[in-house]
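Data first, discussion second: the structure below is written as structure tokens.
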Amino acid sequence: RLAAPPIDGRANDALVAWLAKSLGVPRRDVEVLRGESSRRKQVAVAVSPEVAARWLAEVLAASA
């Protein structure tokens, strides 16, 4: 969960920053495609499928 309020796109900015940092990519490589004003988002991240799969496995393991 993000701590940023959903005002003036701050939550979206926080999401982009968190994903970029977590995946080790520049912020310009993370884009919110859909759901800018919704809790559910669709994002695009310019990383290889292997990097994405490894990151997702780590995130899911940490939340279990």
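The values are calculated or read from the model by the stated rules, or taken from the named source; none is laboratory data. Not measured: the values here are computed from a predicted model. Backbone-built Cβ (ideal geometry, glycine too); neighbour counts: all protein chains shown. For the accessible areas, the whole protein counts, side chains as well, though only heavy atoms, and no ligand, DNA or RNA atoms are used. Shrake-Rupley method; radii C 1.70, N 1.55, O 1.52, S 1.80 Å.
Summary table below
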| quantity | calculated |
| --- | --- |
| Cα-centre dipole for the chain with unit charges at Cβ (Lys and Arg positive, Asp and Glu negative), debye to 20 | 160 debye |
| Using a Förster distance of 25 Å, the FRET efficiency for residue 7-residue 50 (Cβ separation, nearest 0.05) | 0.10 |
| Probe 1.4 Å, all protein chains present, accessible-area order of 21, 41, largest first | 21, 41 |
| Average accessible surface area per residue within the chain, 1.4 Å rolling probe, Å² | 79 Å² |
| Using distinct alpha-carbon pairs, which all enter the 1/r mean, Kirkwood radius of region 23-64 in Å | 11.6 Å |
| Dimensionless Rg ratio for region 2-52, taking C-alpha atoms and the 2.2 N^0.38 Å reference | 1.11 |
| Rounded to the nearest 10 Å², the accessible area of residue 29 at probe 1.4 Å | 50 Å² |
| Mean residue ellipticity (222 nm) of the chain, computed from DSSP H runs ≥ 4 via -39,500 (n - 2.57), nearest 500 | -14500 deg cm²/dmol |
